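Participant: Below is the structure I would like to discuss, written out as structure tokens.
Bear in mind that the values in this text are calculations on the coordinates, not laboratory data. Keep in mind it's a predicted model, so treat the numbers as computed, not measured.
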Amino acid sequence: MASISRRTAALLYLVGVAIVIGILIGYEQISILYVLATLSIVALLLVVGFADLEGVSRVDGDSDGSEA
């Protein structure tokens, strides 16, 4: 059995999250949405905070490859 691609997995994840949010809005569980939104913002900030951006080299199409 072939595994699903990353794009398909991301789309399925997106559809699942949209369904959960729709159900929570439908049942007026706004407090749970506030908690989920807060936790997702914290997770995003942690990912950005611990990202190793120093190891990433920036390559421009117009430059000759030298550092600015």
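Participant: Report the Stokes-Einstein translational diffusion coefficient (µm² s⁻¹, integer) for the chain, Rh taken as the Kirkwood radius over Cα pairs, at 10 °C with viscosity 1.306 mPa s.
Facilitator: On the way: Rh = 16.0 Å.
Approximately 99 µm²/s, per Stokes-Einstein.
Participant: Now, a different point. Round to the nearest 10 and give me the degree value, 0 to 90, for the angle of helix 6-26's Cα axis relative to the longest principal axis of the chain.
Facilitator: Rounded to the nearest ten degrees, it is 40.
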